[in-house]
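As structure tokens, the structure follows; a few thoughts come after it.
The values are calculated or read from the model by the stated rules, or taken from the named source; none is laboratory data. Bear in mind that the values here come from a model prediction, so they are computed numbers and not experimental data. Cβ sites come from the backbone with ideal geometry, for glycine too, and all protein chains shown count toward neighbours. Remember, those area values only see protein heavy atoms, side chains included, never the ligands or the DNA or RNA. Shrake-Rupley method; radii C 1.70, N 1.55, O 1.52, S 1.80 Å.
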Amino acid sequence: KEVLSRNGKNFLFIDKNLQKNKELLLIALETSVDAFSFADIALRSDKDVAKVAIEKNYNCVKYLSENLRKDKNLALYAMEVNPKSFPYFDKSINQVDRYIYGFHGYMDYYVLDQIVWRCFTGKACFSE
């Protein structure tokens with residue numbers, strides 16, 4: 001625990017069985033979000049762990065389990081933390097990606113918030 005609390009990147013080097021330990025992963029996340037990418041898939045499928053990782057760095061969404069990348073509630077939570085996380089969620093819930101990034105990579109976060117909120121709440125949204 002002490003080694004991980006000093007440098008969470010050491011999570012990569014611990015025993016594979018220990019990489020399944022939620023407590024150790026949470027300790028490692030305090031100093032390095034990289035630990036999340038090395039965690040066992042069961043931990044990357046844990047919604048509570050996912051929220052902690054997303055709070056640390058939105059790029060952690062890339063390492064979520066497939067099921068969590070399809071979770072609309074988690075996507076909304078991640079959007080509140082950092083709108084940049086949205087494109088990493090599954091395309092089945094990310095219907096507006098091409099509209100948001102289609103203009104030479106420029107993204108208006110207010111517009112993104114409005115579009116995502118409308119899509120997830122069933123209000124008028126872009127159609128395919």
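Which residue, of LYS16, LYS22, is closer than 27 Å to PHE89 by Cβ and open to solvent by 50 Å² or more (accessible area, probe 1.4 Å)?
Selected residue: LYS22, the only one of LYS16, LYS22 that is closer than 27 Å to PHE89 by Cβ and open to solvent by 50 Å² or more (accessible area, probe 1.4 Å).
Name the pairs: first residue in the stretch 65-93 and free of Cβ contacts under 8 Å to residues at least 12 places away in the same chain, second residue open to solvent by 40 Å² or more (accessible area, probe 1.4 Å) and among the basic types (Lys, Arg), Cβ to Cβ under 8 Å, at least 6 apart or on different chains?
Cβ pairs passing all conditions: none.
Quick check on my filter: what residues within the stretch 80-92 are in contact with a Phe, Trp or Tyr (Cβ under 6 Å, 6 or more places away or on another chain) and buried (at least 21 other Cβ atoms within 10 Å of the Cβ)?
If the condition is that a residue be in contact with a Phe, Trp or Tyr (Cβ under 6 Å, 6 or more places away or on another chain) and buried (at least 21 other Cβ atoms within 10 Å of the Cβ), then SER85 is the only one that fits.
So ASN59 ticks every box in (1) out of contact with any helix residue (DSSP H, G or I) (no Cβ under 7 Å at 6 or more places or on another chain); (2) in a loop (DSSP other than H, G, I, E, B) but one. Which box is left unticked?
Checking ASN59 against (1) out of contact with any helix residue (DSSP H, G or I) (no Cβ under 7 Å at 6 or more places or on another chain); (2) in a loop (DSSP other than H, G, I, E, B), the one that fails is (2).
Filter the stretch 27-46 down to the residues that are assigned to a helix (DSSP H, G or I) and more than 16 Å from LEU64 (Cβ to Cβ), then identify the one that is most open to solvent (accessible area, probe 1.4 Å).
By that ranking, first place goes to ILE27.
Determine, yes or no, whether LEU74 is open to solvent by less than 60 Å² (accessible area, probe 1.4 Å) and touching a helix residue (DSSP H, G or I) at 6+ places or on another chain (Cβ under 6 Å).
Taking the combined requirement at face value, the residue satisfies it.
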